[in-house]
Amino acid sequence: MINLWKDFAVYFWRSLNAILTPPYRPKDIFAQLEFVSWQSIPIICFCVCSAAIVTIIESSFHMKLVVQNDSLVPGFAALLILRELGVVVSSLLLTSRVGAGLAAEVGSMQVTEQIDALRMLGIDPIRFLVVPRFIACVFGGIILSVIANLVCLYCAMLVSEMKMGYSNGMFITSMRAFVEFKDLVFAGVKGACFGAVIPLVSCFFGFRCQSGAEGVGLATTNSVVAASVSIIVLDFVLSYLFSFLY
Amino acid sequence: MKPQTKVGILFLVALVAVVAFGYALGTFSFLASGKELRVAYNFAGGIEVGSPVRVMGIKVGKVRSIDFQPDFKMPTSGEEVKLIISISIDKAAWPTIRQDSRFYINLAGVIGEKFLEISPGSLENPELQPGQVVRGEDPPRIDQLISQSYAVAGKILEFVNKNEGSVIETINTLNKLVVNFEKMLKQLEKTSRDPEIHKLVKNLSVILEDGAYFTQNMRSSEAQKTIALINRLIQRLEPLDGKAIKKFLQEEGIKAKLF
């Protein structure tokens, strides 16, 4: 366990050096960005819309149960979506989609000794594999968190109109009482941080992949679990830090 | 489609969504066609930057900034006012705001959203100049009222604590008084059940009935006549004192006719 953390610290330091120093490979970065953001958009939008529907219906049910009135639901549902739901749901989906893919990809390269081949050619595997994925995931995380949040809010607005009879104007007025523009900015920052975690953790487990199909499977599983847990812990840390900025 | 194009489209969509969100929240406004007015308060009751400004209940602008100005004095009255709230008002609503308009801070909705309400002015008064400083109506300080009531409650408590002995004594006396009163009521109840008292009450009732009968008879014409006769007799006897009787007896003797 201690070795694992020691290896991760070394790997993290080397990745940080590679990320902060050029050259970068824009073509590879855009290809990864397309994989991370463009291809993830449909599934993320679908899931956050479902989450929005559940949020509105459940909040309305609970509010009616407690205070016999659900007029505040649009406001605090919007706040919940912006501060937590939109970004966390989209990041966890990104982990299961992109993180698993990255771990399997890097793990397969490790098993088939392609990583060693890169080293033999004098190419730093971290600079070659991690940096483009890291940059793509950070920017992808920002874009996806913004789009996911706003799609989620729009869906919540539609649901509150259809289910509770609140017009769009009422939803926005109620939302304005609770939500500030910085909520979206903080969601973007969270998206970037969660996006950064996914390639770092996934590639780390990919590099440590043991030989055989079983090893690749284990690396993928471990990477998804570790990235999901990291996202949830990081979410707590960031929420706590952002609470000082309100 | 190239990956760059796809990413570019996605980036633009996100950018448009952010701008739309900012516009919906009132953070950005594209048509900044409003005129600015500065409203001075000493207490702003929790109004914030971005709070709506309404004229006759219609949203016409919002609070742009809140500035503390410790040395500011109203140009007209010279009153010291330390808080200047800059508001923007739509051009369409601007002519309704006159010199005699009033600027209130109100609450709206169940969550207590604060807004600045402007009452429309009368046509006789001139319009305000953009950027002019006007005095707002300070909202009532609910917190102050609460703190004052706390102070009163504290003083009552202090009084009770200081005069604990006498207060307790008063309460004990009151308690005794109540006990005695209760005893008295019980005694009264017992007494009312006594047959002697019943007899007494019955007799009293008979007396009262007789009295009523008597007074009723007194009101008859016969009785009135008798009373008038007695009255006249008394009037005639009025000058009759000791001397007159003596004189009468000495001079008239017993032969005198009385009437």
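The values are calculated or read from the model by the stated rules, or taken from the named source; none is laboratory data. The structure presented is a predicted model; accordingly, all values stated were derived computationally and were not measured. Positions of Cβ are generated from backbone atoms using ideal geometry, with glycine treated the same way; all protein chains shown enter the neighbour counts.
Tabulated results
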quantity	calculated
Single match in A:V224, A:V179, A:V201 (criterion: surrounded by 21 or more Cβ atoms within 10 Å (Cβ to Cβ), closer than 30 Å to A:D70 by Cβ and touching a residue at least 40 places away in the same chain (Cβ under 8 Å))	A:V179
Those helices (runs of 4 or more DSSP H) lying entirely in segment A:131-246 with at least 1 residues more than 14 Å from A:S91 (Cβ to Cβ), of a type in the set (F, W, Y) and within 14 Å of another protein chain (Cβ to nearest Cβ)	A:131-159, A:168-178, A:181-207
Residues located in segment A:46-83, provided they are closer than 30 Å to A:V131 by Cα and either of a type in the set (D, E, K, R) or surrounded by fewer than 18 Cβ atoms within 10 Å (Cβ to Cβ) (or both)	A:F46, A:C47, A:R83
Cross-chain or 6+ apart pairs with Cβ under 6 Å, segment A:41-67 first and more than 14 Å from A:C152 (Cβ to Cβ), then surrounded by fewer than 20 Cβ atoms within 10 Å (Cβ to Cβ)	A:S60/A:M164
Qualifying residue in segment A:164-178 (condition: more than 14 Å from B:A24 (Cβ to Cβ) and not small (G, A, S))	yes
Cβ-Cβ under 9 Å pairs, at least 6 apart or on other chains, segment B:117-137 side without any contact (Cβ under 8 Å) to a residue 60 or more places away in the chain and part of a strand (DSSP E or B), far side of a type in the set (A, V, I, L, M) and surrounded by 13 or more Cβ atoms within 10 Å (Cβ to Cβ)	B:E127/B:I97
For B:E48: the one exception among (1) within 14 Å of another protein chain (Cβ to nearest Cβ); (2) among the acidic types (D, E); (3) free of Cβ contacts under 8 Å to residues at least 12 places away in the same chain	(3)
The listed residue being touching a Phe, Trp or Tyr at 6+ places or on another chain (Cβ under 6 Å) and either of a type in the set (S, T, Y) or buried (at least 24 other Cβ atoms within 10 Å of the Cβ) (or both), out of A:S160, A:S174, A:S108	A:S160
Residues that are at pLDDT 85 or above and not in a loop (DSSP other than H, G, I, E, B), drawn from segment B:95-113	B:P95, B:T96, B:R98, B:F103, B:Y104, B:I105
Some residue of segment B:68-82 being closer than 30 Å to A:N149 by Cβ and either without any contact (Cβ under 8 Å) to a residue 24 or more places away in the chain or touching a strand residue (DSSP E or B) at 6+ places or on another chain (Cβ under 9 Å) (or both)	no
Test: residue in segment A:203-218 that is modelled with pLDDT of 85 or more and under 17 Å from the mean Cα position of the chain (by Cα)	yes
Among residues of segment B:75-94, those that are in a loop (DSSP other than H, G, I, E, B) and closer than 15 Å to B:V53 by Cα, counted	4
Filter result for A:C137 (closer than 30 Å to A:F61 by Cα and either touching a residue at least 40 places away in the same chain (Cβ under 8 Å) or of a type outside the set (F, W, Y) (or both))	no
Residue in segment B:87-106 that is in contact with a strand residue (DSSP E or B) (Cβ under 6 Å, 6 or more places away or on another chain), under 17 Å from B:K35 (Cα atoms) and exposed (fewer than 11 other Cβ atoms within 10 Å of the Cβ) present	no
Hits in segment B:6-45 (condition: free of Cβ contacts under 8 Å to residues at least 12 places away in the same chain, assigned to a loop (DSSP other than H, G, I, E, B) and facing another protein chain (nearest Cβ under 9 Å))	B:F28
A:Q32 surrounded by fewer than 18 Cβ atoms within 10 Å (Cβ to Cβ), within 14 Å of another protein chain (Cβ to nearest Cβ), closer than 22 Å to A:T220 by Cβ and modelled with pLDDT of 85 or more	no
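One line per residue, one yes/no per condition, for (1) of a type outside the set (A, V, I, L, M, F, W, C); (2) touching a helix residue (DSSP H, G or I) at 6+ places or on another chain (Cβ under 8 Å); (3) closer than 30 Å to B:Q69 by Cα:
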residue	(1), (2), (3)
B:L123	no, no, no
B:K155	yes, no, no
B:E158	yes, no, no
B:I171	no, no, no
B:V179	no, no, no
B:I197	no, yes, no
B:Y213	yes, no, no
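Each row is one residue, and each column tells you yes or no for (1) farther than 23 Å from B:F11 by Cα; (2) modelled with pLDDT of 85 or more.
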| site | (1), (2) |
| --- | --- |
| A:W13 | yes, yes |
| A:C49 | no, yes |
| A:P74 | yes, no |
| A:R97 | no, yes |
| A:A103 | yes, yes |
